[in-house]
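The block underneath contains the structure these notes are about, expressed in structure tokens.
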């Protein structure tokens with residue numbers, strides 16, 4: 001039976017997909033003690049298609065970038081569910097790292113990354129309030145618009 | 001009463017500002033056990049103005065970049081003080097991540113980042129000696145020249 | 001006497017060098033409890049020469065990038081040996097961060113980073129399977145083609 005966090009996501013119309021297989025020789029998450037580290041997740045939708053491809057400041061609009069960041073966050077949650085069985089075991093979202101595929105003059109990366117942060121706070125409430133670092137990068141795998149990684153305290 | 005670390009900073013003429021409010025939907029730090037993770041801090045001065053804006057290798061000189069990195073480090077310390085009450089509770093600066101807003105041909109990012117690292121070692125002595133990763137990024141929020149994040153062991 | 005991991009590396013013809021001195025004011029690793037954080041390592045060979053210099057998507061081929069990533073991983077292992085005395089004390093490779101010096105249109109960063117990931121899995125087996133984040137960055141120190149950082153659970 002899904003826990004309270006997953007029910008809240010379902011109420012929002014969000015069904016967690018099976019996590020995307022890592023695109024190379026690594027795994028989706030590693031647990032060490034009460035810390036769970038989730039690999040950088042690209043902005044795949046549940047069908048495995050990138051929600052936005054290209055650069056913010058170029059072909060990708062801020063709105064589409066936000067949708068991409070939200071998709072990354074959903075994929076982070078999907079990894080968490082596989083790792084923990086139940087998202088209610090997340091005690092705290094410790095940190096999100098946000099990587100925005102951006103042109104050198106695009107200054108709105110935090111606004112884009114909020115697509116991921118907002119979902120975490122919606123899903124977990126106060127436990128979802130996290131430390132964060134957002135940077136604009138030269139390029140991402142498959143020209144994905146956004147990549148998000150996470151660190152979690154879990155029980 | 002300020003602890004020994006804060007007194008040392010005061011001797012250097014450094015008064016810790018109230019930390020900048022996060023520029024989006026996240027918090028300045030999260031503690032998990034004895035680890036404290038501080039969000040990426042931009043190079044704001046105590047008045048909330050960016051110490052350096054633009055790219056290293058472009059409009060920003062190495063010297064101004066170093067001042068910017070130092071300002072980021074001061075803002076990291078300001079977050080620590082809010083988190084801990086007393087900087088003397090920092091047992092070790094575990095890691096700094098340095099993000100330098102740079103043109104693709106700017107090769108002196110470590111020299112710039114030393115503006116942050118030097119301050120940590122000055123403030124904390126041997127406990128301030130940290131692991132570090134420095135990269136040149138395509139762009140930073142608000143076109144800030146430098147962003148620094150940190151991980152700390154605290155008591 | 002070298003442990004089993006170091007013997008396996010020797011069988012592959014890999015002798016761990018003395019770790020490169022940090023290029024600035026920081027240290028190669030910091031341990032906090034059972035976590036060991038290794039600073040970003042550049043792609044130096046045992047003679048201190050960069051294995052590949054320049055950008056993926058530019059002067060550096062994917063194959064040379066992979067060799068560079070592998071060299072970074074060897075330098076991470078060299079730091080671990082200094083930290084632990086014996087690589088067999090690594091309980092788990094928790095996370096690798098891969099930073100690829102890339103042109104804005106280079107999409108094969110994961111393939112490059114596999115040069116580092118594959119070596120970890122070869123060296124440590126199942127304990128080497130790690131979480132990972134790979135990004136294409138604007139520039140790296142000394143125009144190194146690749147930089148790799150790591151987080152490890154150790155005993």
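No value in this document is a laboratory result; all are computed from the given coordinates. Because the structure is a prediction, the values reported are computed rather than measured. Every residue, glycine among them, receives a Cβ derived from its backbone with ideal geometry; neighbour counts consider all protein chains shown.
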Using a 10 Å cut-off around each Cβ, can you sort B:14, C:62 from fewest to most neighbouring Cβ atoms? C:62, B:14
On average, how many beta carbons from a partner chain sit within 10 Å of the beta carbon of a residue in A:146-155? 3
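Extension gain residue C:126-residue C:105, at 0.36 nm per residue separation less the Cα-Cα distance, in nm? Walk me through the intermediate numbers first.
Working: separation 21, 0.36 × 21 = 7.56 nm, distance 3.38 nm.
Residue separation times 0.36 nm, minus the Cα-Cα distance, leaves 4.2 nm.
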Pairs of Cα atoms farther than 15 Å apart, segment B:1-82, %: 62
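Calculate how large, on average over all directions, the projected area of the Cα convex hull of the protein assembly as shown is; give the answer in nm² to one decimal.
With the hull built on Cα positions only, its mean projection is 20.3 nm².
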Within segment B:24-48, what residues put their amide N at less than 20 Å from the label point 7 Å along the Cα-to-Cβ vector of residue B:59? B:42-48
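When DSSP assigns beta bridges and you keep just the ones with both residues in chain A, what percent turn out antiparallel, to the nearest 5? Each step should come with its number before you reach the end.
Numbers: 21 of 30 bridges.
Of all bridge pairs located within chain A, approximately 70 percent are antiparallel.
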Have a look at the DSSP beta bridges in the protein assembly as shown and tell me what percent are antiparallel, nearest 5. 70
Output field shielding_mean for C:50-61 (other chain Cβ, 10 Å radius) holds 1
In what sequence do B:27, C:82, C:37 fall when counting other Cβ within 10 Å, fewest first? C:82, B:27, C:37
Segment B:66-144 and segment C:1-39: distance between their alpha carbon centers, rounded to Å: 24
Under the definition of partner shielding as Cβ atoms of other protein chains within 10 Å of a residue Cβ, what is the mean value for peptide B:93-102? 5
To the nearest 10 degrees, how steep is helix B:62-84 against the longest Cα principal axis of chain B, on a 0 to 90 scale? 30
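Against the 2.2 N^0.38 Å scaling, with N counting residues, where does segment B:36-154 land? I'd like the Cα-based Rg ratio to two decimal places.
Numbers: Rg = 13.3 Å, N = 119, 2.2 N^0.38 = 13.5 Å.
Against the compact-globule rule of thumb, the ratio is 0.99.
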If one compares the long axis through the Cα atoms of helix C:109-124 with the longest principal axis of the Cα atoms of chain C, the angle in degrees, nearest 10, works out at 10
